[in-house]
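Here is the structure we will look at, set down as structure tokens.
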């Protein structure tokens, strides 16, 4: 299957890796020859109001999902909401969820200001838990659902 893009970016904390994350990853790998994955550093993740798994653990878990795709990828620790997507001239697109769409819009603003072409923004649909509410790391952390969206 021919990919739509040469290089796509995705990014996130990827804490409590769940079906929503998997949908984001799958979309990127299906649409590109190469995927750039930005993962929040421990320092950046510490700005959140809850405890996040160490970056090394999150990367290890991420690689288990990524390794089933036979495509080039790069995982980079990111220290802010743009990572390197605002500066990478090789990127063609970015895959985001509804909750992170505004970050992609901001990245494109920065790219335009620096003379880079804006990225195509691909917004994936929510992945819902059994109760019809979107799966999220926050809900998993609270003990409401598991990573597959099953109610606990």
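What to note about this one:
- For residue 51 and residue 106, the FRET efficiency from 1/(1 + (r/R0)^6), where r spans their Cβ atoms and R0 equals 25 Å, is about 0.40.
- Computed Kirkwood radius, in angstrom, where 1/r is averaged over Cα pairs of segment 15-146: 15.7 Å
- Residue order, fewest to most surrounding Cβ atoms within 10 angstrom, among 44, 14: 44, 14
- Value of Rg/Rh across segment 72-152 [Cα atoms, Kirkwood radius]: 1.09
All of the numbers you see were taken from the coordinates with simple rules; none came from a lab. Note that this is a predicted model, so its numbers are computed, not measured. A quick note on method: Cβ atoms are made from the backbone with ideal geometry, for glycine too, and the neighbour counts reach across all protein chains shown.
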